Amino acid sequence: MTKPLDDLYRKVLRRESGLREVAPGVAVRTPPPPSAAVAEALATLTPPGTRTASRMVDEEFFSRVVRVPRFDIDRHVLVLSGTQLAEEYRQMRTHLQALAAEHGVRVFGLTSCHHAEGKTSTAINTARFLAKSQDSRVVLLDCDLRRPGVKGFLGHEPEAGMDTILAGETELASSMVYSEEDNLHVVFATRGISSAAEALESSRFEAVIATLRPRFDFVVIDTPPLLSTTDPAVIGKRTDGMALVVQAGATQRESVHHARSLLEQVGVQVLGIVLAKVRDYLPRSKYLYRYHYYHDYYNYYKYYREPEEPAGRG
Ligand SMILES: Nc1ncnc2c1ncn2[C@@H]1O[C@H](COP(=O)(O)OP(=O)(O)OP(=O)(O)O)[C@@H](O)[C@H]1O
Ligand SMILES: [Mg+2]
């Protein structure tokens, strides 16, 4: 059950951002066809309707990947099957699979306006749900090189990762971890670095994406906040699109506008919005203790009040 204020927030967000909502909590815009250059590159990799058949079989590459039995997934990203949130991730997966089949969107990032809006949790869950599809090969990249977060959520202390790859210290395949139980490949980041933008602009990062693209069905990229670093825009240029994580009732609509135009100005396609931390998903006691959150929410409600949509409409 969604609450009326969540619905109102969604409605206004949808109207303001111009992005279509295709599932509760997941608003996605069908992107225009890829540019001629991208379409040409994709055509060589993706024969129509044969998503998995186009994937490069590269046993030598995968034999060098570090195998772990399973990831120790943090409870915040462990979505139990049967919950409403799990159903929403399933719907998101269906939509992403359609975007991949129809528009060749296979490499995508998640970003948000500010810190702690739910990017990393959403990236991990999205990757996990995509990887649950039979025979899907999915890799999650931690490209928040300033404050790596994926390792904390997956309970893994990596020896190598995106930062060591981009520094030229390790090579890609052996810096990647695969959990057979989760059917998920992950390139962690081991430590925060200050020269993140330069590292991501380097030809090494371009080479990482070029290596992964033909070998995986989906490359899911976690990034830092868009309004405080240029990294997501730099990363975005190497992807087929970026999804914006918006914290329900907290992210300002001006920020969403600004974030969207920042990405579009540099030619990055905005795939849509993922509405995170919708009130119903918070444990009730936690929610009640988060006064500031409620307060913000109330202000949003006033801010977004529309005369034709009276309060309390569900
Ligand atoms: N749907 C949710 N419901 C409740 N709490 C959530 C939800 N998603 C994320 N959180 C919590 O919010 C906090 C921030 O989440 P997360 O690390 O995913 O955000 P982030 O945008 O990646 O942050 P950062 O900008 O620091 O990288 C974490 O404590 C996480 O457990
Ligand atoms: Mg994060």
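Of Ala189, Ala196, all but one fail to be touching a residue at least 40 places away in the same chain (Cβ under 8 Å) and either touching a strand residue (DSSP E or B) at 6+ places or on another chain (Cβ under 6 Å) or more than 19 Å from Leu172 (Cβ to Cβ) (or both); the exception is Ala189. In the stretch 106-152, what residues are within 10 Å of ligand 1 (Cβ to nearest atom), in contact (Cβ under 8 Å) with a residue 60 or more places away in the chain and within 15 Å of Val79 (Cβ to Cβ)? Passing the criteria: Gly118, Thr120, Ser121, Thr122, Ala123, Ile124. Of all residues in the stretch 65-105, those being of a type in the set (D, E, K, R), within 13 Å of ligand 1 (Cβ to nearest atom) and surrounded by 14 or more Cβ atoms within 10 Å (Cβ to Cβ) number 2.
Among the conditions (1) under 16 Å from Asp144 (Cα atoms); (2) surrounded by fewer than 20 Cβ atoms within 10 Å (Cβ to Cβ), Glu181 misses just one, which is (1). Checked against the criterion of being at positive phi and either outside any loop (DSSP other than H, G, I, E, B) or near ligand 2 (Cβ under 10 Å from one of its atoms) (or both), the candidates Ala123, Ala116, Ala127 yield just one match: Ala116.
Listed here are the residues, each with its yes/no results for (1) at pLDDT 95 or above; (2) touching a Phe, Trp or Tyr at 6+ places or on another chain (Cβ under 8 Å); (3) within 24 Å of Cys113 (Cα to Cα).
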site: Ser174; (1), (2), (3): yes, no, no
site: Val177; (1), (2), (3): yes, yes, no
site: Glu198; (1), (2), (3): yes, no, yes
site: Arg204; (1), (2), (3): yes, no, no
site: Val208; (1), (2), (3): yes, no, no
site: Ile221; (1), (2), (3): yes, yes, yes
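When Thr239, Thr223, Thr230, Thr211 are checked against the criterion of being more than 15 Å from ligand 2 (Cβ to nearest atom), among the hydroxyl-bearing types (Ser, Thr, Tyr) and within 16 Å of the chain's Cα centre (by Cα), Thr239 stands alone in meeting it. Where the second residue is part of a loop (DSSP other than H, G, I, E, B) and within 13 Å of ligand 1 (Cβ to nearest atom) and the first is free of Cβ contacts under 8 Å to residues at least 60 places away in the same chain and lies in the stretch 217-234, which pairs have Cβ atoms under 9 Å and are six or more apart or on separate chains? Taking only residues 6 or more apart or on different chains, the pairs are Ala233/Leu226. Among the residues of the stretch 130-146, those that are under 12 Å from Pro224 (Cβ atoms) and more than 8 Å from ligand 2 (Cβ to nearest atom) comprise Asp142, Cys143, Leu145, Arg146.
Have a look at Arg313, Arg284, Arg215 and point out the one that is more than 16 Å from ligand 1 (Cβ to nearest atom) and modelled with pLDDT under 85. Going through Arg313, Arg284, Arg215 in turn, just one is more than 16 Å from ligand 1 (Cβ to nearest atom) and modelled with pLDDT under 85: Arg313. No other residue among Gly192, Gly155, Gly161 is farther than 15 Å from Gly109 by Cα, within 16 Å of ligand 1 (Cβ to nearest atom) and touching a Lys or Arg at 6+ places or on another chain (Cβ under 6 Å) apart from Gly192. Of all the residues in the stretch 114-136, those that are under 13 Å from the mean Cα position of the chain (by Cα) and of a type outside the set (D, E, K, R) number 11.
The values are calculated or read from the model by the stated rules, or taken from the named source; none is laboratory data. All figures in this text were calculated on a predicted structure; none of them were measured in a lab. Please note: Cβ atoms are built from the backbone with ideal geometry, for glycine as well, and neighbour counts cover all protein chains shown.
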